[in-house]
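The values are calculated or read from the model by the stated rules, or taken from the named source; none is laboratory data. Just so we're clear, the structure is a prediction, and the values are computed from it rather than from any experiment. Virtual Cβ from ideal backbone geometry, glycine too; neighbours counted across all protein chains shown.
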């Protein structure tokens, strides 16, 4: 009969092999599907007690959050993680956008948000339950070209005045570590270099990439080689919510292992932040 395809044992075997391969692929995906099962009701109640995931986004760290030039909306790695966590919880996300780390910490402490993105620091650990870090960022020093300072270990000297963003990770760290130098606080981290210039200070401390951008924007400035600290950037929530904290910690580990964090860094063209290693087993 015209148009009839003749019987072919080889074709039948190929189709059978294809079906077997498809079945094997489906079976192979079962473990990953199990990992995507809905979170426990207790975790949802802890992380989204209002029916929304309320997340604070700190624009004070432009490596992880900034406003999109076209839309004016908050964007970047922190926003991607907040939206993905909300999706996994099966709720919508409500973003509270703030200008500084201090405002971000206050928003969580006063219960206005459920989760946030913070540098891990012992000064905040009393009230904040951290995940492990999802990215690592370098903290660096910036000086004027004519400065006598040429190494990080030269900064901590009597008479040296260091500009930092108030209540930032660098502020908390340097307040503990500097013994002879003094700290002068700018309102926010993005304002540090302008504050340093206006006040004729000796050193500006902050995110290395932000300082590099400011050194290109303003003539006569240079970074000291290397870094003075590594910032461990994590997700955090209020303490006392065990189910939510467990789920948040697991979510961050999965986001690192699956390539979600690396993909977000690449998608937003972020240089200088690296995916943090997997958390050590408890």
> Looking at the stretch 131-143, which of its residues are surrounded by fewer than 18 Cβ atoms within 10 Å (Cβ to Cβ) and more than 24 Å from residue 117 (Cβ to Cβ)?
Replying inline: none
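For (1) within 18 Å of residue 274 (Cβ to Cβ); (2) more than 20 Å from the chain's Cα centre (by Cα), each residue gets a yes or a no:
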{"site": "144", "(1), (2)": "no, yes"}
{"site": "158", "(1), (2)": "no, yes"}
{"site": "167", "(1), (2)": "no, no"}
{"site": "177", "(1), (2)": "no, yes"}
{"site": "180", "(1), (2)": "no, yes"}
{"site": "209", "(1), (2)": "yes, no"}
{"site": "217", "(1), (2)": "no, yes"}
{"site": "228", "(1), (2)": "yes, no"}
>> I'd like to check something: does the stretch 219-238 contain any residue that is under 30 Å from residue 146 (Cβ atoms), free of Cβ contacts under 8 Å to residues at least 12 places away in the same chain and assigned by TED's automatic domain parsing to the domain that holds residue 144?
In response: yes
>> Tally up the residues in the stretch 256-282 that are within 18 Å of residue 79 (Cβ to Cβ) and in a helix (DSSP H, G or I), please.
In response: 9
> Can you tell me which residues in the stretch 43-72 are within 13 Å of the chain's Cα centre (by Cα), crowded, with 22+ Cβ neighbours inside 10 Å and not in a loop (DSSP other than H, G, I, E, B)?
Replying inline: 55, 56, 57, 58
> Restricted to the stretch 110-125, and to residues that are surrounded by fewer than 21 Cβ atoms within 10 Å (Cβ to Cβ) and touching a residue at least 60 places away in the same chain (Cβ under 8 Å), which residue is farthest from the chain's Cα centre (by Cα)?
Replying inline: 111
> Do we have any residue at all in the stretch 190-197 that's modelled with pLDDT under 95, in contact with a helix residue (DSSP H, G or I) (Cβ under 9 Å, 6 or more places away or on another chain) and not assigned by TED's automatic domain parsing to the domain that holds residue 265?
Replying inline: yes
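Would you confirm whether any residue within the stretch 149-163 is touching a helix residue (DSSP H, G or I) at 6+ places or on another chain (Cβ under 6 Å), over 25 Å from residue 66 (Cα atoms) and surrounded by 17 or more Cβ atoms within 10 Å (Cβ to Cβ)? Spell out the reasoning first.
Just the residues of the stretch 149-163 that are touching a helix residue (DSSP H, G or I) at 6+ places or on another chain (Cβ under 6 Å), to begin with: 163.
Then drop every residue that is not over 25 Å from residue 66 (Cα atoms), which leaves none.
The answer is no; no qualifying residue exists.
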> Inside the stretch 73-120, can you point out the residues that are touching a strand residue (DSSP E or B) at 6+ places or on another chain (Cβ under 9 Å) and in a loop (DSSP other than H, G, I, E, B)?
Replying inline: 73, 76, 91, 99, 100, 111, 112, 113, 114, 120
